[in-house]
1. Quick one: would you say ALA231 is among the aliphatic types (A, V, I, L, M) and touching a residue at least 60 places away in the same chain (Cβ under 8 Å)?
2. Determine whether ARG74 is among the basic types (Lys, Arg) and over 24 Å from LYS262 (Cα atoms).
3. Can you find a residue in segment 48-59 that is modelled with pLDDT under 95, of a type outside the set (Phe, Trp, Tyr), out of contact with any Phe, Trp or Tyr (no Cβ under 7 Å at 6 or more places or on another chain) and in a loop (DSSP other than H, G, I, E, B)?
4. Can you tell me how many residues within segment 77-109 are more than 11 Å from ligand 1 (Cβ to nearest atom), of a type in the set (A, V, I, L, M, F, W, C) and either free of Cβ contacts under 8 Å to residues at least 40 places away in the same chain or under 14 Å from VAL245 (Cα atoms) (or both)?
5. Among VAL263, VAL245, which is the only one that is over 15 Å from the mean Cα position of the chain (by Cα), within 16 Å of ligand 1 (Cβ to nearest atom), closer than 27 Å to VAL53 by Cβ and buried (at least 20 other Cβ atoms within 10 Å of the Cβ)?
6. If a residue has to be more than 16 Å from ligand 1 (Cβ to nearest atom) and either under 8 Å from the mean Cα position of the chain (by Cα) or buried (at least 23 other Cβ atoms within 10 Å of the Cβ) (or both) to count, how many in segment 207-222 make the cut?
7. Of the residues that sit in segment 69-99 and are basic (Lys, Arg) and within 13 Å of ligand 2 (Cβ to nearest atom), which one is farthest from LYS281 (Cα to Cα)?
8. Between a residue in segment 264-293 that is in contact (Cβ under 8 Å) with a residue 60 or more places away in the chain and any residue that is in a helix (DSSP H, G or I) and among the charged types (D, E, K, R), which pairs come within a Cβ distance under 7 Å, given they are 6 or more apart or on different chains?
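The values are calculated or read from the model by the stated rules, or taken from the named source; none is laboratory data. Quick caveat: nothing in here was measured; it's all calculated off a predicted structure. In this analysis, Cβ positions are derived from the backbone assuming ideal geometry, glycine residues included, and neighbour counts consider all displayed protein chains.
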Amino acid sequence: MNAATSQPGAQHSAQRGADQAESGDATGLGRVLEPGVIDTSHGPILYLEDLTVQFDGFRALNKLSLSIDHGELRCVIGPNGAGKTTMMDVITGKTGPRNANVSGRVFLGQSIDLMRMTEPRIAQVGIGRKFQKPTVFEQHEVWENLELAMKADKRWWSSLRARLTGEGHRRIEETLALTGLEDEAYRPAGLLSHGQKQRLEIGMLLMQQPQLLLLDEPVAGMTDEETMQLAGLLNSLRGSCSMMVVEHDMEFVAALAGPSGKVSVLAEGSLLAEGTLDAVKRDERVIESYLGR
Ligand code: ADP
Ligand code: MG
């Protein structure tokens, strides 16, 4: 063993080197290669500037600029067709310069240019997305769903194989507690209620330790009780990841934004207003285009 590898921390940096070698790099971007290395030293975790997306000449997004601070839980509201889902499609790489007419800038932290990355790569750098419909493995038990989600994450796979049980079990148990699914751990996911499935899917995303979680209308189809349970879960994630939540349910938005959280209003592909929920609700343009009188 040479002097360098016997120093404290040397093993960690060696692992880092290996990760970099493994990931390097179809995109030509060798910068961000493991969770936790997103440069948010100047504030935003997500930064959109003049983002325009055209479908056959129609602008689903029209010079949209918006940024989310590191650690923030941002709610986004706006009428159907405003471009909210399209925005998430661009952030996650589902829609990009490869398959659509897109211009503008989309950055994760200071240095990660998401527009130059593929969809799987974007998931790898720490963006998790929750779609409206829960997608869990119905035949598998809740516990197995979480385990599969953890193993699907290549960043953890090699170390997990070596020493799965302790750390892996601990993380699964932690996630079961966080999502309120402890009592369901050994039930097939197909038997869960809609609200429980939604929480399980969020738990599966959490197993991959995202830096930024995107949720598109997560409470659609939920009971009031399930809705407030989900608000509680997302509020409890503050501090462990940044979140962007698109939702129409104003009670849910109020539970997430609180009196001082920022809410963004999209309309016709642009940012129409931004501020506290109270302020945007009083904004004439927002009343006109979304809330009604
Ligand atoms: P929101 O999520 O705010 O309801 P969307 O982002 O789904 O809005 O849609 C914005 C606009 O872009 C809508 O008019 C929609 O019909 C259009 N649109 C979205 N995706 C496509 C696509 N792949 N092809 C053509 N038009 C699309
Ligand atoms: Mg939508």
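1. When the stated conditions are applied, ALA231 does not pass them.
2. no
3. yes
4. Here is the first cut: in segment 77-109, the residues more than 11 Å from ligand 1 (Cβ to nearest atom) are 91-93, 96-98, 102-109.
Now narrow it down to the ones that are of a type in the set (A, V, I, L, M, F, W, C): 91, 102, 106-108.
Then drop every residue that is not either free of Cβ contacts under 8 Å to residues at least 40 places away in the same chain or under 14 Å from VAL245 (Cα atoms) (or both), which leaves 91.
Residues flagged as more than 11 Å from ligand 1 (Cβ to nearest atom), of a type in the set (A, V, I, L, M, F, W, C) and either free of Cβ contacts under 8 Å to residues at least 40 places away in the same chain or under 14 Å from VAL245 (Cα atoms) (or both) within segment 77-109 amount to 1.
5. On the way: VAL245 fails: over 15 Å from the mean Cα position of the chain (by Cα).
None of the other options fit; the residue is VAL263.
6. Counting residues in segment 207-222 that are more than 16 Å from ligand 1 (Cβ to nearest atom) and either under 8 Å from the mean Cα position of the chain (by Cα) or buried (at least 23 other Cβ atoms within 10 Å of the Cβ) (or both) gives 5.
7. The qualifying residue farthest from LYS281 (Cα to Cα) is LYS94.
8. That search, which allows pairs on different chains as well, returns LEU266/LYS84; LEU272/ARG285.
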